[in-house]
Amino acid sequence: MAFPQKAAAVVGVYTTEQARGMERSMWSLELEAIKGALDDAGLSHTQVDGLIPMAYETPLNLHMAWAEQLGGRPITYMDVGNGSSAVAKATNAIAAGMANVVVIYFANCNNPNGPRQLKVQSKAPRVPDWQFMVHGAYMSVWYAMWTQLYMHEFGTDQEVFAEYPVQMRANAMLKPDSMMGHKGPITVEDVLSSRMIATPLHLLECPLDNDGGYAIVVASAEIARDCKKDPVWVLGGAEATFTDAYMTIPVPWNEPKGQAVRRCTEMAFDMAGVTHDEIDVAGLYDCYAVTVARDLEEMGFCKLGEGADYMKEGHLYRGGKMPTNTDGGLMANSHNGNPSGMHTIEVVRQLRGECGERQLDDPKIGVTLAQGWSVHGLAGTLVMAAD
Amino acid sequence: MEIDPDQYLRPLPRKEPFNAPFWEGLERGEFLVTKCRDCGDWNWIPYEGCRSCLSQNLEWTAISGKGRLMTFSVVHRGPPTFGTEPYGVALVEMKEKPRSIVVLANIVETDFDTLEIGMPMELVFENIPGENITMYRVKAA
C-alpha cells in the first residue's frame, strides 16, 4: 500500500504570541490558535471533524471536551502525534474517509521544562520510582551528558556546536515575532562565555523555555483547492519510537544502525519518493546542537559521527544547500514545551512564500523532523511540497 | 519559601509496590536488578516482563556495583532544592551483561575535575535523614 500522496494538504497554520510568564490559560491559547489556523485557511470551525491535541499525555476525554468546545458535533477522528507525524496521520485518515478537516494543536502556559519546574516544598516530594528529577537531571542535564559523550566519541570541537545558536540568532533577527531576534546578534565567544548551566553546555547553548500555542489545519485535496492560500501538499510521513522516556539507557548510546529517527525518516522518504538532495528547506528538532548533529546522521544526510562536520560546513545555515530552522528554532524563536509543530509551521510558511525578509528563494520540497530523547524517543518525519 | 539547608527537599522515589525488593535491597547495601531466569538477561529499569523473551520469571539479583563512567555532567544551574553548589550527574554502565545496565545517579565523594568518560565507578548508598528511604549514588572507584 502506498502513502496517499496529495490526498490532503496543510491549509492553515497559526502561532500565538510566544513569551515567558504569560497570564493566559492553556485552553485560551489553544482556542486562539485553532481559530487563527482555521481563519488562515478560510474554513469554519463547523467543518472540523478530526482532532489531534498534542498534549504529552492525551486522555480521550480531552478530545471529547474539545468536541464540545467546537460546537458539540460528532468528531470522527481522534488521534495523538507530534508536529510531523500528526500531519501524516491526518492525511491518511482523510484519504480513508475518516475525516475531512483535522486540527492539530498545542499550547503551554506556566509549565516550564527547565529547572524552574521543580517548586520548593516543605517536604521532599515523592515521584515515580525511576523519575530523573530525583537526581536533578532535567533536560539540559541529559543533553549535556549526550553532548559530552558525542564530543568524546567523535572529537567534536566546542566551537562547532557553539556556532549553531549564533546562526539561529541571526535567523531569528529576520523574524519579527521571534523571542530572541530583537536582542541582536551573538558570537561564538558570547556563547562560550555565557553562564555555565551543565558542563559542557552554556546558557546560550540551551533552548528557550516559554509559553505559547500553535495550530495546524490539514484538509482533503478537494477542500484544500478552495482555501484562502495555496495548499502545501503532504507527500509522506511516518513516526517511530523504541524506548521509554529517559529511564532505560541503551548501550551503545550512538547506535550505528540508527534508532527511531532513522526508521521514520527512511519510511517518510520512501513514501514521498524524494531523495536527500531534493530537500530545499528543513525544520529539524533542535533543542541542543548535539540534537541537530544526531538528527542529520540518523536521517541519512551524513554518517554517524559526521553530523557536527556537516553543521560546520554550513549546509543548514542561510545560503547553505538545505537552510534549516529559518525561524531561529528552539533556541531563538520559541520552545513552548512541545514545540515540534513550530518546525512544521515554519516550513509550511517557507513553501507558501510568505516569510518576508527571511524567505528562501522559491523552495519546492521541505522536510520536518520531530524527536525526543536525542533521536531515540518519539520521532516523526514529514515531507511536504509547495503547490 | 525559605530552604532549610539541613532538610532533604529534593524529589524522592515513591517506592512502588512492584519495586519493593529493590528499595529493601538498598537498605542492606545491595543494588538489585531483575534477571531473567529463562534467558539470563539483566533488565534495568525493571519491567514486568523480560525485554528479550517476555518471560515473567524474573529474579531480583544483586549486582557487583562496579562499572564505568558512560558520560556525566557537572550541573551549575539546578532546581532550587539542589542548592547553589554544583552537583554531578552520571550515567554508569555496570559490568554485568548481557543487556547493559546503565544507572543514572548523582556523583558523590569524587573530585569533579578528575571525571573522565570510561573511568571505573562504583555504587554507594546514602540513607536519607528524616525519610524512609536509602538512595543509591555513584563515586570514583
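So which of B:Lys35/B:Lys66; A:Lys257/A:Lys303; A:Lys119/B:Lys139; A:Lys6/A:Lys364 end up more than 21 Å apart, counting from Cα to Cα? Beyond 21 Å between Cα atoms: A:Lys119/B:Lys139. Averaged over its residues, the protein assembly as shown has an accessible area of 39 Å² per residue, based on protein heavy atoms and a 1.4 Å probe. Using alpha-carbon positions, what is the distance between the centroids of the stretch A:58-76 and the stretch A:226-283, in Å? Taking the Cα centre of each part, the stretch A:58-76 and the stretch A:226-283 sit 29 Å apart. For B:Thr34, the residues 5 or more places off, or on other chains, whose built amide H falls under 5 Å of its own are B:Asn43, B:Thr61. Taking all protein chains as they are arranged and a probe of 1.4 Å, the heavy atoms of B:Lys139 leave approximately 50 Å² accessible to solvent. In summary, the convex hull built on the alpha carbon positions of the stretch A:175-276 has an orientation-averaged projected area of 11.5 nm². Report the percentage of all Cα-Cα pairs in chain B whose separation exceeds 24 Å, rounded to a whole percent. Tail fraction, whole percent: 37. Note on A:Gln69 and A:Glu189: their simple-model spin labels are 4.9 nm apart, each label 7 Å out from Cα toward Cβ. The mean number of partner chain beta-carbon atoms within 10 angstrom of a residue's beta-carbon across peptide A:136-146 is 6. Sequentially through the stretch A:125-131, phi angles give Karplus couplings (6.51, -1.76, 1.60; θ = phi - 60°) of x, 9, 10, x, 3, 10, 5 Hz, Gly and Pro residues having no value and appearing as x.
Share of carbon and sulfur in the accessible area of the stretch B:17-140 stands at 49%, probe radius 1.4 Å. Taking N as the residue count of the stretch A:52-118, its C-alpha radius of gyration divided by 2.2 N^0.38 Å amounts to 1.27. The apolar share of the surface of chain A, taken as the fraction of accessible area on carbon and sulfur atoms (1.4 Å probe, ligands and nucleic acids excluded), comes to 52 percent. Around the Cα centre of chain A, unit charges on the Cβ atoms of Lys, Arg, Asp and Glu (plus for the first two, minus for the last two) sum to a dipole of about 700 debye. For B:Gly88, the residues whose modelled amide H falls within less than 5 Å of its own, excluding neighbours fewer than 5 places apart on the same chain, are B:Val75, B:Ile107. With K and R counted +1 and D and E -1, the other residues having a Cβ less than 12 Å from that of A:Val191 yield a net charge of -3. In sequence order, the stretch B:11-25 has phi-based couplings of x, 10, x, 7, 6, 5, x, 4, 9, 3, x, 4, 5, 5, x Hz under the Karplus curve 6.51 cos²θ - 1.76 cosθ + 1.60, θ = phi - 60°, and Gly or Pro positions carry x. Semi-axes of the equivalent ellipsoid for the stretch A:208-360, computed as √(5λ) from the eigenvalues of its C-alpha gyration tensor and ordered from largest down, come to 26, 18, 18 Å. Put a plus charge on the Cβ of each Lys and Arg, a minus charge on the Cβ of each Asp and Glu, and nothing anywhere else: the dipole of the stretch A:1-98 about its Cα centre is then about 240 debye.
Backbone amide hydrogens, once placed in the peptide plane, bring A:Arg126 within less than 5 Å of B:Leu12, excluding anything fewer than 5 places away on its chain.
Take B:63-73, A:373-383 and order them by the average number of nearby Cβ atoms within 10 Å per residue, most first; the result is A:373-383, B:63-73. Each part reduced to its alpha carbon centroid, the stretch B:1-66 and the stretch A:108-175 end up 26 Å apart.
Derived scalar couplings between HN and Hα for the stretch B:5-10 equal x, 8, 9, 7, 10, 6 Hz in order, rounded to whole Hz, by the Karplus curve 6.51 cos²θ - 1.76 cosθ + 1.60 (θ = phi - 60°), x for Gly and Pro. Chains A and B together bury some 4000 Å² of accessible area, summed over both sides, with a 1.4 Å probe. Take chain A, connect every pair of alpha-carbon atoms lying under 10 Å apart with a spring to form a Gaussian network, then pick out the residue of A:Val87, A:Val251, A:Val232 with the largest mean-square fluctuation. Comparing A:Val87, A:Val251, A:Val232 in a Gaussian network model of chain A, the most mobile one is A:Val251. Largest mean-square fluctuation among A:Leu192, A:Leu118, A:Leu43, in a Gaussian network model of chain A whose springs join Cα atoms under 10 Å apart, belongs to A:Leu118. Shielding value for A:118-125 is 6, the average number of Cβ atoms from other chains within 10 Å of each residue's Cβ. Comparing A:Met168, A:Met145, A:Met342 in a Gaussian network model of chain A, where Cα atoms under 10 Å apart are tied by springs, the biggest mean-square fluctuation is seen for A:Met145. The largest accessible area among A:Lys175, A:Lys123 belongs to the first residue in A:Lys123, A:Lys175, and the rest follow in falling order (1.4 Å probe, all chains).
Stokes-Einstein, applied to the Kirkwood radius of the stretch A:106-250 over Cα pairs at a viscosity of 0.692 mPa s and 37 °C, places its translational diffusion at 171 µm² s⁻¹. Pairs of alpha carbons in the protein assembly as shown separated by more than 42 Å make up 21% of all such pairs.
Farthest toward the dipole's positive end in the protein assembly as shown, which of B:Val89, A:Ser85, A:His335, given Cβ charges of +1 (Lys, Arg) and -1 (Asp, Glu) about the Cα centre? The residue sitting farthest along the positive end of the dipole is A:Ser85.
The values are calculated or read from the model by the stated rules, or taken from the named source; none is laboratory data. Keep in mind that this is a model prediction, so the values were computed, not measured. As a convention, Cβ positions derive from the backbone with ideal geometry for all residues, glycine included, and neighbour counts pool all protein chains shown. We work out accessible area using only protein heavy atoms, side chains counted, and drop any ligands, DNA or RNA first. Shrake-Rupley method; radii C 1.70, N 1.55, O 1.52, S 1.80 Å.
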